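Shown next, in structure tokens, is the structure this report addresses.
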Amino acid sequence: MELNYGASRQQPRQDAAMQRFREHRFGQFVHWGLYAMPAGYWQGTEYRFAAEFLQKTANIPEPEWAELAQQFSAEAFDADAWAALAARSGVKYATFTTKHHDGFCLWPSQYTDFHSGNTPAARDFIGELVAAYQRHGIDVYLYYSVLDWHHPDWRYRLESAEDQQAFKRYLDFAMNQLVELAQRYPSVKGFWFDGTWDESVKANGRWTWEVEQRLKELIPGLIVSSRLRADDLGARHRDSNGSLMGDYESGYERRLPDPWDRSVCEQDWEACMTIPQASWGYHAGPWAKRTRKSAAELIDMIAHCTSLSGNFLLNFGPRGDGSIDPEDAALAEQIGNWLAQNGAAIYGKGVATNWSYPGWGYYTQEADSETVYAVVTKWPTARRLRLQLPAGERLLAATLLREPALQLNPQELETSLFELELGNSSEETLVFELTTAAAEEQSWTEPNPDVMV
Ligand code: 1KN
């Protein structure tokens, strides 16, 4: 089908900027805004829902919500402290909310008064964060919500000529803000879009296409998430011909693809994840605390995404005063400590093409390399690790990544089938580096008449 505003290419981008994004594998998402101050509470009641949705969940009239800006002093905000922690956590890029659904802007926008310049803090938080993270060697991406609960011209549906005119003004406003962001912060590497699912946006596929073009004119090499896009007919993420729009699939939110589903490897993708069950903004209540994920669970997810050639964007919701919850900071350090020893299995790695999903964890590999990493996140209770190599390959060497001198003695059960004794080694996520080569003998495959093909 002929489309004017569909996908701009059929194959993944192979330019240097895209390769760089692809190699990062682990990024930090940051949700911070006025919602971090009430932190899930309103007039003494705990609302067990995403803290950044409190305005809606607690039915707070918009003008009352907007008054929160007058309390936003963020006296503990320290962009360098956030960036230093992010660097220690092992992330290679970070994505900051510039404006969430409530419409509050973390930079002094010339197109609205509802911004961080007009608060007791009177600061350009985005500017400070971009500079600090880049000083720490971390690439910066900007999140922008097209959905806007503050702007009078926002519409969910276009049911009248008045709606059409209002929403046209809204789209001009949002385009102006996006151009403003690209011009103020031209060193950013990409934009992450949200709040694009309503009928009003779907009826304006052309605008989403224009945003992508315009931002890419302003910042060469810019990377744009698929969530921005709708095509001529309102199809989202993928156009009406099934081709991915934007530069990578950004639809995996708080869920990951099945670890055996190799179809996702055909394009670039990123999954984003919360630390608690379901809040992106800081939620101070026991509801959010109870469901916190552990470092081991998050490391499993990093390896899971890498094993399917995707990126993992882990969200942090800093507190209303600008400080980071000590539990979140400790978690960041734990993940970073693991990556400092085992990052070789993650950064720049992707699907181990000819290896099948092992169940006890994940295999990762650098494209066309003879080295494969076995990331063991689910310890077999038998304390033996079966390594089923691709047919026709044998194992030349296996070492423990964090302690390469340790003697491992893998047993060859059959050509291409090996076993490693795990003994009483710790419950931590261990990574084995495997070196393989073509086998001289024919490899053995188990005949099984009952297997379904
Ligand atoms: C189920 O509906 C929603 C609507 C918005 C779920 C999540 C979101 C937003 N996307 C995440 C990346 C957060 O920004 C969250 O507020």
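The values are calculated or read from the model by the stated rules, or taken from the named source; none is laboratory data. Since the structure is predicted, the reported quantities are computational estimates derived from the model, not experimental observations. Using ideal geometry, Cβ is built from the backbone for each residue, glycine included, and neighbour counts are taken over all protein chains shown. Side chains are part of the model used for accessible areas, which takes the heavy atoms of the whole protein and leaves out ligands, DNA and RNA. Shrake-Rupley method; radii C 1.70, N 1.55, O 1.52, S 1.80 Å.
Quick notes on this structure:
- Scanning the range 28-57 for residues that are over 20 Å from G195 (Cβ atoms) and under 20 Å from the mean Cα position of the chain (by Cα) yields a single hit, Q28.
The rows are residues; the columns are (1) in contact (Cβ under 8 Å) with a residue 24 or more places away in the chain; (2) in contact with a His (Cβ under 7 Å, 6 or more places away or on another chain); (3) more than 16 Å from the ligand (Cβ to nearest atom).
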| site | (1), (2), (3) |
| --- | --- |
| A7 | yes, no, yes |
| F21 | yes, no, yes |
| N59 | no, no, yes |
| A69 | yes, no, yes |
| A84 | yes, yes, yes |
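- Restricting attention to the range 129-146, the residues being under 22 Å from S250 (Cβ atoms), more than 16 Å from the ligand (Cβ to nearest atom) and either among the β-branched types (V, I, T) or not in a strand (DSSP E or B) (or both) number 5.
- Counting the residues of the range 216-275 that are free of Cβ contacts under 8 Å to residues at least 12 places away in the same chain and within 30 Å of A295 (Cβ to Cβ) gives 2.
- Considering residues of the range 214-272 that are under 30 Å from A374 (Cα atoms) and part of a helix (DSSP H, G or I) only, the residue least open to solvent (accessible area, probe 1.4 Å): V264
- Criterion (over 22 Å from T415 (Cβ atoms) and either part of a helix (DSSP H, G or I) or among the basic types (K, R) (or both)) met by exactly one of A382, A344: A344
- Test for P108: is it part of a loop (DSSP other than H, G, I, E, B) and without any contact (Cβ under 8 Å) to a residue 24 or more places away in the chain: yes
- The residues of the range 77-93 that are under 17 Å from L298 (Cα atoms), open to solvent by less than 50 Å² (accessible area, probe 1.4 Å) and part of a loop (DSSP other than H, G, I, E, B), listed by number, are G90, V91.
- Some residue of the range 235-244 being within 13 Å of the ligand (Cβ to nearest atom) and within 22 Å of the chain's Cα centre (by Cα): no
- Condition met for A295 (buried (at least 22 other Cβ atoms within 10 Å of the Cβ) and either modelled with pLDDT of 95 or more or not charged (D, E, K, R) (or both)): no
- Qualifying residue in the range 23-33 (condition: part of a loop (DSSP other than H, G, I, E, B) and surrounded by fewer than 22 Cβ atoms within 10 Å (Cβ to Cβ)): no
- Of the residues making up the range 405-427, those that are open to solvent by 90 Å² or more (accessible area, probe 1.4 Å) and either more than 18 Å from T377 (Cα to Cα) or among the hydrophobic types (A, V, I, L, M, F, W, C) (or both) are A405, Q407, N409, Q411.
- V188 satisfies every condition listed in (1) surrounded by 22 or more Cβ atoms within 10 Å (Cβ to Cβ); (2) without any contact (Cβ under 8 Å) to a residue 24 or more places away in the chain except (2).
- Taking each residue of the range 377-406 that is touching a residue at least 60 places away in the same chain (Cβ under 8 Å) and looking for partners that are of a type in the set (S, T, N, Q) and open to solvent by 80 Å² or more (accessible area, probe 1.4 Å) with beta-carbon atoms closer than 9 Å, six or more apart or interchain, yields L401/Q341; R402/Q341.
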